[in-house]
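Contents: one structure, followed by commentary.
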Amino acid sequence: MDLQTTILIAVIGIVAGILGGMLGLGGAIIIIPALVMVLGYSQQMAQGTALIMMVLPVGALAAFQYYQKGFVDVKASLIMAAFFFIGGYFGARFATQIPQVILKKVFATMLVFIAVKMWLQK
């Protein structure tokens, strides 16, 4: 990996970290599109890279801030983590078997759907 790519990845990481700490987003909304559009990763490579990144305790300091202020439901987090672990396995098996063009369209559709739903909610 060359220096320019390393710097771009670092910038993606810091921007995602700032937005993750502020708004609770990062992996899917910032990192995956940035890896695809800025660095030319395949959709599968971007998703896999973001998932590996999330396995490590990168959000620990941000999560601790929310926990200190009483904004963490520990039980819900543990339940989601357990099921994310299982669902992530099956989702990854499926995503690595379908064509990239279809996966990109599904991913983009999901982002638009979520954005429109959140925009229209009271």
Any idea which residue in the range 26-62 is modelled with the lowest pLDDT, counting only those that are assigned to a helix (DSSP H, G or I) and not aliphatic (A, V, I, L, M)? GLY27
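On the given criteria, is LYS104 modelled with pLDDT of 85 or more, under 30 Å from MET1 (Cα atoms) and either part of a loop (DSSP other than H, G, I, E, B) or out of contact with any Pro (no Cβ under 8 Å at 6 or more places or on another chain) (or both)?
Details: modelled with pLDDT of 85 or more: yes; under 30 Å from MET1 (Cα atoms): yes; either part of a loop (DSSP other than H, G, I, E, B) or out of contact with any Pro (no Cβ under 8 Å at 6 or more places or on another chain) (or both): yes.
Answer is yes for this residue.
Condition first: at positive phi and of a type in the set (Gly, Ala, Ser). Can you find one or more residues in the range 99-122 that meet it? Steps first, answer last, please.
Residues of the range 99-122 that are at positive phi, as a first pass: none.
Checking the range 99-122: not a single residue is at positive phi and of a type in the set (Gly, Ala, Ser).
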Restricting to the range 33-54, count the residues that are under 18 Å from ARG93 (Cβ atoms), among the β-branched types (Val, Ile, Thr) and in contact (Cβ under 8 Å) with a residue 60 or more places away in the chain. 0
Go through (1) part of a loop (DSSP other than H, G, I, E, B); (2) surrounded by fewer than 13 Cβ atoms within 10 Å (Cβ to Cβ); (3) hydrophobic (A, V, I, L, M, F, W, C) and name the single condition VAL72 misses. (2)
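The values are calculated or read from the model by the stated rules, or taken from the named source; none is laboratory data. Fair warning: this is a prediction, and the values are worked out from it, not measured in the lab. Positions of Cβ are generated from backbone atoms using ideal geometry, with glycine treated the same way; all protein chains shown enter the neighbour counts.
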